[in-house]
1. Among the residues in the range 284-299, are any modelled with pLDDT under 95 and among the hydroxyl-bearing types (Ser, Thr, Tyr)?
2. Can you name every residue in the range 213-234 that is within 19 Å of the chain's Cα centre (by Cα) and surrounded by 20 or more Cβ atoms within 10 Å (Cβ to Cβ)?
3. Please give the helices (runs of 4 or more DSSP H) falling wholly within the range 196-256 in which 3 or more residues are in contact (Cβ under 8 Å) with a residue 60 or more places away in the chain and touching a strand residue (DSSP E or B) at 6+ places or on another chain (Cβ under 8 Å).
4. Can you tell me which condition residue 138 does not meet? The list is (1) surrounded by fewer than 23 Cβ atoms within 10 Å (Cβ to Cβ); (2) at pLDDT 95 or above; (3) within 11 Å of residue 201 (Cα to Cα), and all the others hold.
5. Just checking, which of 321, 289, 344 is touching a helix residue (DSSP H, G or I) at 6+ places or on another chain (Cβ under 6 Å), outside any helix (DSSP H, G or I), at negative phi and surrounded by 16 or more Cβ atoms within 10 Å (Cβ to Cβ)?
6. Evaluate the following for residue 351: is it of a type in the set (Asp, Glu), at pLDDT 95 or above, under 30 Å from residue 279 (Cα atoms) and in contact with a helix residue (DSSP H, G or I) (Cβ under 8 Å, 6 or more places away or on another chain)?
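The values are calculated or read from the model by the stated rules, or taken from the named source; none is laboratory data. The structure presented is a predicted model; accordingly, all values stated were derived computationally and were not measured. Cβ atoms come from the backbone with ideal geometry, glycine included; neighbour counts cover every protein chain shown.
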Amino acid sequence: MNDKPRADLIERVAWLLLCLFVFSIPWEKSLWVPGVGTASRLLGGLALAAGALVAVRRRSVRPPNLALVLAGVLAVWVAATWFWTLAPAATAARAWTFVQLFAMVWLIWDQCRGADRPAQLMEAYVWGAVVAAAATLVRCAQNHQTYYRRYAAAGFDPNDLALTLALAIPLGLYLALGGRGAKPWIYRAAVLLLISAILLTASRTALVAALLAFLFVILTWRESDRAQRISGVVLLGLLLLGAFRLAPAASRERLASLPTALSEGTLHNRTRIWKAGLRVLKSHPVLGVGAGAYPEAVRPWLGRPALAGYEYVAHNTFLSVLVECGLIGFGMFAAMLGLLALFVWMMPLAERVLWSVMLVVWAAGVSTLTWEHRKPGWLIFALIMTQWALAFRQAGERA
């Protein structure tokens, strides 16, 4: 008689822990737990343990989808590159990260079965991003610069934080779509806060990603009410006005250099790093140099950065996977992304637009960042899987 209430309580606790874990992702580097690491790592471990307990009590797990299987195969391949890597310690660390990322995706896939659960995880991520954005504004008010005249929440590189926040913009706009009462305006205010923090990071890549995020407003124009349309245009206008007039002068100067950097510059030395990676690829095309070994592989051409503790990472996720994991690993990664795009195409209009824009924003952002092992991207992949399954089930019920 008491088994069912106890099982329901365990499932509610497991879901709460998963929501808290997703909430912690945007500010994970700002809070460290002694002996554990980031708060996100602690919450992720607790969420995984609770989710595994739920699965054991349920005596079943959700059958995997093909994209999840490809993610698992990719994680295995990343670990396999240890046998021929140029940097064994870096590869071992990267392999462990991919195991954890796969566990996160599986956990979301297994736990996120109800119709309202994907939206709850979206809300958790948006409010986590709001926390990180608020922390960035506080540091700016205190003139606590991360780099020269650039600001970010504690522990974050400005470019990484800015893309993390940019990914929350389409989610906030989606959650505001069709809402009633004060809720849509709360999410629009959250988007405004995210925009403000992105401008303070002075990240040129994230500015492009944030502009692309507003494709959601354009592509859902006919389905939106007047408030959504007007607020979307106003928020986009504030982003543009902030980049040219409202942001601090140092931020505006750096953002204004984007056209010159694209046409004449090296994108802050990135083109040199990319050329070195392509040279490495010619000698290791199939198997790659080993996951996480890009800095070691390009050292003969680039040496070491002048600043101690820094390394020449790829600054392009797709090139990073290609050079480190070879054509085989890159093929797995590309196949997974292609399948996720197919999942998106099979969704209803609003969700199809949302996840199409999310993938575009992610792809634009990671074109200058090494993000194949970062949680926000894999959270997107997991949510696409769950929403595809939900749409597939709802279509079946209607039929």
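1. no
2. Result: 213, 214, 216.
3. Of the helices (runs of 4 or more DSSP H) lying wholly inside the range 196-256, those with at least 3 residues that are in contact (Cβ under 8 Å) with a residue 60 or more places away in the chain and touching a strand residue (DSSP E or B) at 6+ places or on another chain (Cβ under 8 Å) span 249-256.
4. In the conditions (1) surrounded by fewer than 23 Cβ atoms within 10 Å (Cβ to Cβ); (2) at pLDDT 95 or above; (3) within 11 Å of residue 201 (Cα to Cα), residue 138 misses (3) alone.
5. Result: 289 is the single residue among 321, 289, 344 that is touching a helix residue (DSSP H, G or I) at 6+ places or on another chain (Cβ under 6 Å), outside any helix (DSSP H, G or I), at negative phi and surrounded by 16 or more Cβ atoms within 10 Å (Cβ to Cβ).
6. For residue 351, the condition - of a type in the set (Asp, Glu), at pLDDT 95 or above, under 30 Å from residue 279 (Cα atoms) and in contact with a helix residue (DSSP H, G or I) (Cβ under 8 Å, 6 or more places away or on another chain) - is not met.
Condition check ((1) in the same structural domain as residue 335 (by TED's automatic domain parsing); (2) free of Cβ contacts under 8 Å to residues at least 60 places away in the same chain; (3) touching a helix residue (DSSP H, G or I) at 6+ places or on another chain (Cβ under 9 Å)) across all residues:
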| residue | (1), (2), (3) |
| --- | --- |
| 9 | no, yes, no |
| 23 | no, no, yes |
| 27 | no, no, yes |
| 43 | no, yes, yes |
| 54 | no, yes, yes |
| 74 | yes, no, yes |
| 86 | yes, no, yes |
| 104 | yes, no, yes |
